[in-house]
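First comes the structure, then the notes that go with it.
The values are calculated or read from the model by the stated rules, or taken from the named source; none is laboratory data. Note that the structure is a prediction, hence the values are computed from the model and not measured. Cβ coordinates were reconstructed from backbone atoms using ideal geometry, including for glycine residues, and neighbour counts include every protein chain displayed.
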Amino acid sequence: MESTTHTTVEKKLMVDEFVDIVLNSYSQVFFSTHRPFALLLLLVTFIDFYTGFFGLVSVLTAAIAGNMLGFNRMTMKNGLLGFNSLLTGLGLGIYFSPSIYLFFIVILASLFTFLISVSLQGVIGKYGLPFLSVPFILGLWAFMLAAKSFEVLGLNERGIYTLNELYTLGGKNLVTAYEYFNNLFIPGSLKAYFFSLSAILFQYNLLTGIIIAIGLLLFSRIAFSLSLIGFFIAYSFYHIIGVKITTYDYSFFGFNYILSSIALGGFFLIPSRSSYLWMILVIPFVAILTISLNTIFMQFRIPIYALPFNIVVLLFLYSLKFREKYSYSLSEVYFQHNSPEKNLYIFLNNKERFRYKLFTPIKLPFFGTWQVSQAHDGEHTHKGAYKHAWDFNIVNNEGDQFKNKGDFTEDYYCYNKPVIAPEDGVVEEIVDGIDDNVIGQSNLKDNWGNTIIIKHKNWVYSKLSHLKKGSFTVKKGDEVKYGQIIANCGNSGRSPYPHLHFQIQENPFIGSITMDYPLSNYIVHDKDSFKLKTHSRPEIDQMVSNIEVSDLLVSAFNFIPGQIIEFKTEESSEISWEVKVNEYNQSYLQCEHTEAKAFFENDDNLFYFTYFEGNKKSELFYFFQAIFKLEKGFYQDLEITDQYPLHLTFPKAILWLHDFISPFLLLIHSKYSIQYEEIDDEISPSQIELISHLSNYFLKKKINGKDFRITIDDSGIAAINITDNNRKLNLVR
């Protein structure tokens, strides 16, 4: 019985995946994987029934071929290997009369186009470039030219009897709608825009263009606005330079401006003021190339189709690969979410949350709490090329750094205390054998005193100086791990009083200049309060420590692949989430019932979610919101704040309107905060209480929110109490 159920589920997943392959091949024409938009596009291709039919045949052919040959399932599922075959099928279907011969020609053409897509993915994909609709152009050109010798194919004459065909397809209502839209008084420029939209799917009529425009608006406000801007810039450019082009002409190549505008303004580049500006500057290139290429190709009676769009977009994207400096204002999309809005909101969120993601996580080089006695641009020695460094010592509750009168090195609290590796690495250099100084005196000859340099990765080295003679526990060439004791604090070199000098540098030499480099995660102790600092720089007189983790919190968030996390609601319904890892080595929780996924990262100090996809009414989404980020040590009343991606937390109505201006201005934000409220025993805790909040703001005014109470005990995450407006939901183990 269990085996039969498993087989049924497996078959259902295969069917769902195949449906996605087919539908996304339609929506991917507009760089989308939006299912309702895909269905709409599929339906409008059938306004000319046979065009739609042969388009569907071509997509099914590509989908079956891809599955049989075993190509990447995710690439197939997103429609990336199917949309070019679709366009080829639509092109052949509109130009030739339906016949059994055309049926086989379409299958061959779609297979040929599919193979070109796969090949171009390998050829230009290695440069991080998309193949766009180049396979469609090459495939359709090849078969259109060859078809001139195919006597069995006849040219399409269906347009002569359009109303009869529409009546057959949709009855009197469809004919009435078609005539209504065709007879609407619409300015010529706007009519040209709608015809250009319809031409993308080889449907040369006003009704199709209007339907596609509505679908584009519902799918993406950014893509819709870009399509209008790009088209009317080209339209205006033609009038400025005196080129006379009719609405009929636009229907054949006006879509080049629409697709170029969406591609550069908001799909392959993060939507921003800069992307819009460059889109505006580039569209005239598309227009000029359209005119010049059309002049050439007319001699051979070959339509240029989307060739100008492909040339200009690929040229621009390729040129960006040679930039020497990364630009946040004109950033490429490195992980495609197939939605300009999602790309933008995720980028803005990640820019704040993970702007130091590429940095090696250097931590404080000691146990316990130390004081910053000298910070960057220090008062005494941290000057010029050596200004990006810290000095640390230990003080008592009264702020004294020594006991007795401080006449001897042993009087100083930091003296002879362990110094640890601030991150994994290899010992690059050690200087030992320099005696400690008498208190108040300095050794200017051996300025740095006993020193160790650790290589963490290329161009990232840490240097720890003024160490105690003979205290090293490692030697040159040894591998070290974070937290491993490597030496003891001393008073050697230019050090009148015992302290630890710590700096990051690009080179492995003693005496190398310092580098302005943040420390990954540490706690600032301020009297009775605590602050978590993430990728920041300790300041003068601050009391700082690494995060001292709580075993209770570490155990609760020790999510291991294959682990099942179960909760029950007040209605006694059972909830089950499994910990999984995908092909990109990303860890995530997946809900067994809704298949929603919450992606997370988990290190020694922090647990935090990175992204969510799926049903936002699921309990997993509440869990994602409740524990968006936390550190694994308990510090009374510590508060951590962060920002949610806007598209995950804001009401759709507000977000929908805000999308239009989001590339230029953000009027909304979504704040996360969590407080460490209570621990039953600091020495040997058995229960920890955390409180977190989601707050949505419009123009700095809070408009709604959610509250969460999280209970951690020996069993792990014992309970989550959720208050969402007037609704209350309790999840218990």
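From the list Ile346, Ile304, Ile311, Ile362, the one residue that fits, being of a type in the set (Val, Ile, Thr), at pLDDT 95 or above and over 16 Å from Tyr127 (Cα atoms), is Ile362. Among residues of region 489-508 that are touching a residue at least 60 places away in the same chain (Cβ under 8 Å), those with a Cβ under 6 angstrom from a residue that is among the acidic types (Asp, Glu), sequence gap 6+ or separate chain, pair up as Gly490/Asp436; Asn491/Asp436; His499/Asp391; His501/Asp391; Pro508/Glu428. If you go through region 79-107 and pick out every residue that is surrounded by fewer than 21 Cβ atoms within 10 Å (Cβ to Cβ) and not β-branched (Val, Ile, Thr), you end up with 7. For region 461-468, state whether one or more residues are among the hydrophobic types (A, V, I, L, M, F, W, C) and surrounded by fewer than 24 Cβ atoms within 10 Å (Cβ to Cβ). Scanning region 461-468 turns up no residue that is among the hydrophobic types (A, V, I, L, M, F, W, C) and surrounded by fewer than 24 Cβ atoms within 10 Å (Cβ to Cβ).
Determine whether region 590-606 contains at least one residue that is in contact with a helix residue (DSSP H, G or I) (Cβ under 8 Å, 6 or more places away or on another chain), farther than 30 Å from Asn72 by Cβ and surrounded by 14 or more Cβ atoms within 10 Å (Cβ to Cβ). So far as region 590-606 goes, no, none of its residues is in contact with a helix residue (DSSP H, G or I) (Cβ under 8 Å, 6 or more places away or on another chain), farther than 30 Å from Asn72 by Cβ and surrounded by 14 or more Cβ atoms within 10 Å (Cβ to Cβ).
For region 312-357, a tally of residues being in a helix (DSSP H, G or I) and either acidic (Asp, Glu) or out of contact with any Leu (no Cβ under 7 Å at 6 or more places or on another chain) (or both) returns 16.
Is there a residue being within 30 Å of Lys476 (Cβ to Cβ), assigned to a loop (DSSP other than H, G, I, E, B) and free of Cβ contacts under 8 Å to residues at least 12 places away in the same chain anywhere in region 426-435? Looking for residues that are within 30 Å of Lys476 (Cβ to Cβ), assigned to a loop (DSSP other than H, G, I, E, B) and free of Cβ contacts under 8 Å to residues at least 12 places away in the same chain, one finds none in region 426-435, hence no.
Considered as a group, the residues in region 314-328 that are among the hydroxyl-bearing types (Ser, Thr, Tyr) and either assigned by TED's automatic domain parsing to the domain that holds Thr610 or modelled with pLDDT of 90 or more (or both) include one that is farthest from Tyr95 (Cα to Cα), and that residue is Ser319.
One residue stands out in region 704-733 among those that are in a strand (DSSP E or B) and without any contact (Cβ under 8 Å) to a residue 12 or more places away in the chain: the one that is surrounded by the fewest Cβ atoms within 10 Å (Cβ to Cβ), namely Arg727.
Confirm whether Pro365 is surrounded by 20 or more Cβ atoms within 10 Å (Cβ to Cβ), closer than 26 Å to Gln484 by Cβ, under 47 Å from the mean Cα position of the chain (by Cα) and not assigned by TED's automatic domain parsing to the domain that holds Leu500. In short, yes. Residues in region 511-535 that are of a type outside the set (D, E, K, R), over 29 Å from the mean Cα position of the chain (by Cα) and not in a loop (DSSP other than H, G, I, E, B): Thr514, Val524, His525, Ser529, Phe530.
Only one of Pro538, Pro508 is in contact with a Phe, Trp or Tyr (Cβ under 9 Å, 6 or more places away or on another chain), part of a loop (DSSP other than H, G, I, E, B) and crowded, with 19+ Cβ neighbours inside 10 Å. Can you tell me which? None of the other options fit; the residue is Pro538. Would you tally the residues in region 484-505 being part of a loop (DSSP other than H, G, I, E, B) and buried (at least 16 other Cβ atoms within 10 Å of the Cβ)? The number of residues fulfilling the criteria is 9.
One line per residue, one yes/no per condition, for (1) among the small types (Gly, Ala, Ser); (2) without any contact (Cβ under 8 Å) to a residue 40 or more places away in the chain:
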site	(1), (2)
Asn72	no, yes
Gly82	yes, no
Tyr95	no, no
Leu120	no, yes
Leu132	no, no
Leu138	no, yes
Ala142	yes, yes
Ala146	yes, yes
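Residue-level analysis places Gly384 outside the set of residues that are in the same structural domain as Ser512 (by TED's automatic domain parsing), in contact with a Phe, Trp or Tyr (Cβ under 9 Å, 6 or more places away or on another chain) and modelled with pLDDT under 95.
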